[in-house]
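See structure below.
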Amino acid sequence: MQIAILTLDGFNELDSFIAAGILNRMKAKGWAAHITCPTPEVTSMAGVTIQRQKPLDFLTEADAVLIGSGIRTPDYAADPAFLSQLELDPSRQLIGAQCSGTLLLAKLGLIGDLPACTDLTTKPWVIEAGVNVVDAPFVAHGDVATAGGCLASQYLAAWMIARMATVQDAEDAIHYVAPVGEKAEYVAQAMAAIGPYLADGMTRAA
């Protein structure tokens, strides 16, 4: 499984790096999550500059795409030329977005009027784009999921693992990164968030 983590200039480190860390716990099973950017380097909202692992055209070949958020995402969402480069296909890819990343999905028409999650700052823009924003950390509709809040990145990662591998793999990945002494609680919380969206027959590994 090859996963693109779309990371734009002004990105939120918690979104991209937490998801990448959890998803790459599946490396032994052939998975790889790549920081994917439109430019060779991007700088985070806190001033951390990183080099991309994959260029933007990797989005078209990835098995799954996770879109993080950032302080410049509204600018990207208002750029038709940039949006035209985001060739996402929920009929063959799992797609997840977090916080202002949900705005990009809205602009691409991948949410419609379905309920979606985002952060409080981005909420007015997502509503303006015609999306019904719900007060929840995670929601999924088929192969498209959205999450709200920086630490909700663990839910997106767990959902992708459960969908493309097994629920046990997702629980194991969350268990590994959870704080010592609180592992059972973290696993239970993550599975409670994504469980309603893992109906029988919905996991691609099945």
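Taking segment 58-67 on its own, how many of its residues are more than 20 Å from Glu13 (Cβ to Cβ) and either free of Cβ contacts under 8 Å to residues at least 12 places away in the same chain or β-branched (Val, Ile, Thr) (or both)? Going through segment 58-67 one residue at a time, the tally reaches 1.
Checking Leu88 against (1) exposed (fewer than 15 other Cβ atoms within 10 Å of the Cβ); (2) modelled with pLDDT of 95 or more; (3) not hydroxyl-bearing (Ser, Thr, Tyr), which test does it fail? Of (1) exposed (fewer than 15 other Cβ atoms within 10 Å of the Cβ); (2) modelled with pLDDT of 95 or more; (3) not hydroxyl-bearing (Ser, Thr, Tyr), only one is false for Leu88: (1). Being more than 20 Å from Leu23 (Cα to Cα) and either outside any loop (DSSP other than H, G, I, E, B) or without any contact (Cβ under 8 Å) to a residue 24 or more places away in the chain (or both) is a property that holds for Thr121. On the stretch given as segment 1-31, residues that are surrounded by fewer than 16 Cβ atoms within 10 Å (Cβ to Cβ) and hydrophobic (A, V, I, L, M, F, W, C) total 1.
Rundown of residues vs (1) open to solvent by less than 60 Å² (accessible area, probe 1.4 Å); (2) modelled with pLDDT under 95, yes/no style:
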position: Thr122; (1), (2): yes, yes
position: Val126; (1), (2): yes, yes
position: Ala140; (1), (2): yes, no
position: Thr146; (1), (2): yes, no
position: Gly149; (1), (2): yes, yes
position: Tyr155; (1), (2): yes, no
position: Arg163; (1), (2): yes, no
position: Asp172; (1), (2): no, no
position: Ala178; (1), (2): yes, no
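Being touching a residue at least 12 places away in the same chain (Cβ under 8 Å) and over 18 Å from Leu104 (Cβ atoms) is the filter; apply it to segment 35-50 and report the residue that is least open to solvent (accessible area, probe 1.4 Å). The residue in question is Ile50.
Residues in segment 99-120 that are open to solvent by 10 Å² or more (accessible area, probe 1.4 Å) and at positive phi: Gly109, Gly112.
The values are calculated or read from the model by the stated rules, or taken from the named source; none is laboratory data. Values in this document were obtained by computation on a predicted structure and should not be read as measured data. For neighbour counting, all protein chains shown are included, and Cβ atoms are generated from backbone atoms with ideal geometry for every residue, glycine included. Quick note on the areas: whole protein, heavy atoms, side chains included, nothing else; ligands and nucleic acids left out. Shrake-Rupley method; radii C 1.70, N 1.55, O 1.52, S 1.80 Å.
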